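Reviewing the structure listed below.
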C-alpha cells in the first residue's frame, strides 16, 4: 500500500516504490511512503492563495470552531489511532495516549483559546504609545496574520501531537498548515489527515500532508511563510543554512533534542518525599515512549552524598520495568521506532559508557519479552553513573534518544548549575526540593539555559503535570542546543504566525483599527 | 592616527596600517582603523564573565541610571560630535542631529523605561497559567537576561544612533554591549565610547568597541549571545549562514535595507492638504542624510490620474534643494558617505532608469556646490517615474541607498497593495489620505509586509513624527527583505536579550519568584 499525499486539495500518489513503514516489534512492512513527483511548489501556492484568504476572512471564534470540528472528527476514530500507534510505533497504551489524546487535547485547548478572542480577526498589544506631547498622534502595535503557509516538519516520535500542536496554532492564526511528518511513522499522521479531509470541516487547502521526502520545501518558502521544525539538531542545521530561507528571512522555529536534566536538591535525603518523587519521575521519563521524548530526563543531578542511595533506588525501580512487545499485557515499555534508531542509541550508550559506569542495562545482549531481538528495535532501560561529571563531555553532549539516563553527583549548588549549563541549552529541567529558598535559587540559577522548569515538592506530588509533558498553555522550546525556538504557550504561540506592525496615526484612526483587533500579550 | 579599540577593559591598538577614514566632501584622510591582532575571543569572554554578572546583579532602575549617566557624558560633548559627523559623514546639521541627538534621546528614553520597572532584576508575563483543576500547581512565564553578550554590528549611516539604540536596550536588559561599527564612519562611534569610558560610568566590560574588521565575531558567538545586525542584505546573509551561529542557535536580529513606500490615497487631489504633505515628506525622505536612511521612501505610489501632478510638484520641490559641501550655509543636502557608496548608487540609478524615466537628477554630470566632484561622493537628488510599475523588477528590488525615489502610478487600491508587496517586505510605509475608511483598509492591506506604517492626514500634519524617523517606543524592523527582525519598541526590545522560561511550580513558590520580577508584555 502506497500512502497518498494530500496536496493542492487532492489526494495524489507519489512516484516510485517509496520507503517502507515498519512495525518495530515484528519487522513487518505496513505501508510505503513517497512524495516523488508531487508538485510541492503548486501545493504551497494553493494553500497560500486558496486557504490563506479564506482563513484570514474568518474570526478567531470561527477558526476555533474549525479546530473543535477537527478534534471531534479525530475523537470518533480514536481506537483506530491507538492500533496504528501500536503497529507503526510500538507504542504501549500509555505511549499512544500521550500522542493521540495529546493531539486532540491540544486542538480542544486552542478551540478554547479562540473563544477568548471574541469576533476579532487580528491582534494588538495593549494600549497606545505616546510619541510626543500631542496626544492626537500616537502609535499602536497591531499583529496581522502572515500571508503565507505554515510549513511543519515533524519528528517521528509524535506523529499525532507533533502535527496538531503546530497546525492548531497556525490555523487559529489564520495560516494554512502544510505538514511533512517523519516518514517512518507517518501512517498515523496520514490517516488523521484523511479522516479530517473526509469530514470536510476545513477550508480547501487549509491542511495538506506529504508522506515521504520534503527536502525541497525549504527551497520553496517565501518571506511570508513560517517553517516550524521538530527533530534532530543535524537536520535543523541544514534547514537554517538553506540559502532560500536565508535570502528571504523566512521565519524558522527549531525545537531540537537536548540533554534535559532533573536536579535533586541538597535537602533531599533518602526516604524524603522529594527523593521518592525524583526516583519515580526519572524512571518514568526514561521508560515512557521508551525514552523517545525530546523533553525526557537525560541527566540526573544528585547530591554527591546520596548518589549511592539514588542510584540504588533507580536501579530497583528500573528492574521492575517489563520491556517487550506491547501486545503482551505485562509489558510497560516498548521498542524504539526502528532499527536505525536502535543502532544510533546503542552507539550512544557506548559513548556514554566511556565516561560513566553502566549500572542497569547497557548496549549489549538485551532480550525483550515476546519479540525477536533480531527483527525488533529494543534497547534496554539503561542507567549510567558518571564518575566525574565535571570532566565529562559525551554525558553532556551526546543525547541518546532512548531509555537512557546518567546520574551525575554534584558537590555544591553552584556546581549543579554549572553542570546544568554544560548541556548548552535544554527544553526542560526539573528541580525536586522541599526547601522553598533553594527552589527559587535553583530556578533562577538554571533559567537562562532552559525553556521550561518544573519545581516539585511533596505538596504538589499529585497536582504536578510531570517533567516531560508539554502543556499547551506553557511555551515549549529552549535556547542553544535545544534550537532557540518557542512553540505553544497559549496565545503566545500565535506570535510565530503574525507580523507585528507599529501603526502611527491620529488617535481616532487608531481607535478604528483597534476595534477590529483583540488585545493580547504574546 | 590609528583609532584604538576598547576590548577586555583596555585600549588596544590594532596591527597593520589599517583602513583610512575619509572626508566624503574633500577626500581628506581623517584617521585609520584596524582591529587586526586584537584577541576578540578574550574580549567577548571578558564582557560575558566580568560585566554580565555585574549588570545582572543590578536592578532595572540601577541599569537605567547607567544609561542616564552615559547620556549625560555624551551631551557634554555634543558639539564635538556634530563636527565629527560633518567631517567623517558629510552631515548637515539636521543630518547630524538625527544621529547624535537621536542616540542621546534613545538612551534617555530607555532610562525612563527603567524607572517603570521598579527594583526588579527580571521580567514576567502577566498572571499564572492554570494547568489543571488543582490551583495549587500552576505556571508562570519568567524572562531572565541571557548569560552572554550583545554583539552589535552597525551600519555606516548612523554611527551614533545605531550604536546607542542597540546598546541601551542590551544594558537595560543586563547584557553587555560589544560594538562593531561600520569602519568607514567609526570615528564618531569610537569617540563616543572613549568619552563614556573616560567618564567611568559603566561597569567594567559593559561596553566594548572594535574599529576595523569584525568578521570573526560570528565564529565566536555562543548560544547565550545575541547578535544584532544593521546593514546590507548581503552581509546579513553571510552572518545568518555562519556555521557557528547556526550550530549554536545564536539569536540573530537583522535590520536590512528595504524598498519602503509611501502611498498617496485615491482621495488626494492636487491642492489637498494630504497631497502637499505627501510631496513634502517624499522630498524630505529623499534628501535628509542624502537618502542614506534604511527607512527612506524609495517608492512613491500615487493614483494614476494625478501622477503627472505629483511628479511636477516633487520636481519643483527637489529643484530647490541645494546640494554640496555642508560647510556652505546654503546647502541642504550633503554627499554620500564615500566613493564606493557613490559608485554603487550611480549604478543603481542606471538599473532603475532601464525601467523608469529619470525626471530629476540622474547618474551623470552632477556638480555639487563648493566641492570637487572628482574627490567628493555626491549623488544628485534623483526622481524617476515608472512607466509600468507592475511589469518592473528593478524598481521593486534594487535599493539605491541615496537620494533616489521612483514614482509609481496605480490604477486601484488593490493594485497599490500588490505593488507594495512587490518590495518583498519593508521597514516602513506611509499612507497619506483624508479618507478614514481608506486609511484603515490600506493599513490592513499592506500590514503583513511591513514593520511600521505611518498614516497621515491634515489633522496630524504638525504632530506626526515623520515617515523615516525611528521612534524608540515603536518596533523597528520588517519582514522578508527587511530582515525579519525587531528592535526597540520600548520594553519590547528587551525580548531579544532575555530567555522566556515557563516555570511550573506550587503557587506559593510562583508567588516568591514573581515578587522579584516585574510584569511586562514584550
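Rg/Rh for chain B stands at 0.99; both radii use Cα atoms, and Rh follows the Kirkwood definition. For region B:362-402, the equivalent ellipsoid derived from the Cα gyration tensor has semi-axes of 28, 10, 7 Å, listed largest first. Would region A:1-116 count as rounded, prolate or oblate if I go by the C-alpha gyration tensor, calling it rounded below 1.5 in a/c and otherwise prolate when a/b exceeds b/c, oblate otherwise? The shape class here is oblate. Normalising the average separation of contacting C-alpha pairs (under 8 angstrom, six or more residues apart) by the number of residues puts the relative contact order of region B:261-474 at 27 percent. Counting Cβ atoms of other protein chains within 10 Å of each Cβ in A:481-492 and taking the mean gives 3. Both the radius of gyration and Dmax for region B:67-147 are 21.4, 68 Å, in that order, over alpha-carbon atoms.
For residue A:45, the distances from its label point to the matching points in the remaining copies are 5.3 nm, ordered from shortest, with each point set 7 Å beyond Cα toward Cβ.
Its Cα gyration tensor gives region B:84-190 an equivalent ellipsoid; the semi-axes, largest first and in whole Å, are 40, 14, 10. In region B:158-242, the alpha-carbon atoms span a convex hull of 101 Å³ per residue.
Please state the shape class of region B:154-203: rounded when a/c is under 1.5, otherwise prolate if a/b exceeds b/c and oblate if not, all from the C-alpha gyration tensor.
oblate
Of all chain B residues, the one whose Cβ lies closest to the rotation axis that maps B onto A, given with that distance rounded to whole Å, is B:521, 2. Values of log10 I(q)/I(0) for region B:261-474 across q = 0.09, 0.10, 0.16 Å⁻¹ run -0.32, -0.40, -1.03, by the Debye formula with one identical scatterer at each alpha carbon and no solvent. Please list, short to long, the whole-number percent of alpha-carbon pairs of the protein assembly as shown in consecutive 20 angstrom bins beginning at zero. Here the calculated profile for the protein assembly as shown is 13, 43, 33, 11, 1.
For A:230, B:183, A:344, the sequence from fewest to most other C-beta atoms within 10 Å is A:344, B:183, A:230.
Sorted ascending by nearby beta carbons within 10 Å, beginning with the fewest, B:520, A:369, A:179 become A:369, B:520, A:179. What separates the residue A:463 label point from its copies, with the point 7 Å along Cα to Cβ, is 4.8 nm, written shortest first.
Computed over region B:203-332, the quotient of the alpha carbon radius of gyration and 2.2 N^0.38 Å is 1.53.
With contacts taken as Cα pairs under 8 Å at a separation of at least 6 residues, chain B carries a relative contact order of 18 percent.
Mean separation of Cα pairs under 8 Å and 6+ residues apart, divided by the residue count of region A:438-483: what relative contact order is that in percent?
45
Inter-chain neighbour count for A:461-471: the average number of beta-carbon atoms from partner chains within 10 Å of each residue's beta-carbon is 4.
Partner shielding of B:143-150 amounts to 3, given as the average count of beta-carbon atoms from other chains within 10 Å of each residue beta-carbon.
So what is the diffusion coefficient of region B:364-457 in µm² per second by Stokes-Einstein at 25 °C and 0.890 mPa s, using a Kirkwood Rh over Cα pairs? Diffusion coefficient, whole number: 159 µm²/s.
Give me B:195, B:372 ranked fewest to most by other Cβ atoms within 10 Å of their Cβ, as a rough exposure proxy.
B:372, B:195
What's the center-to-center distance, using Cα atoms, between region A:210-256 and region B:1-72 in Å? Answer, in whole Å: 36. Helix-only estimate, please: 222 nm mean residue ellipticity of chain A, summing -39500 (n - 2.57) across DSSP H runs of length 4 or more and dividing by its residues, to the nearest 500. One gets -10500 deg cm²/dmol as the mean residue ellipticity at 222 nm.
A short reminder: the numbers here are calculations on the coordinates, not readings from a lab. Note that the structure is predicted; figures quoted are calculated from it, not measured. No Cβ is skipped: glycine too gets one built from the backbone with ideal geometry, and neighbour counts run over all protein chains shown.
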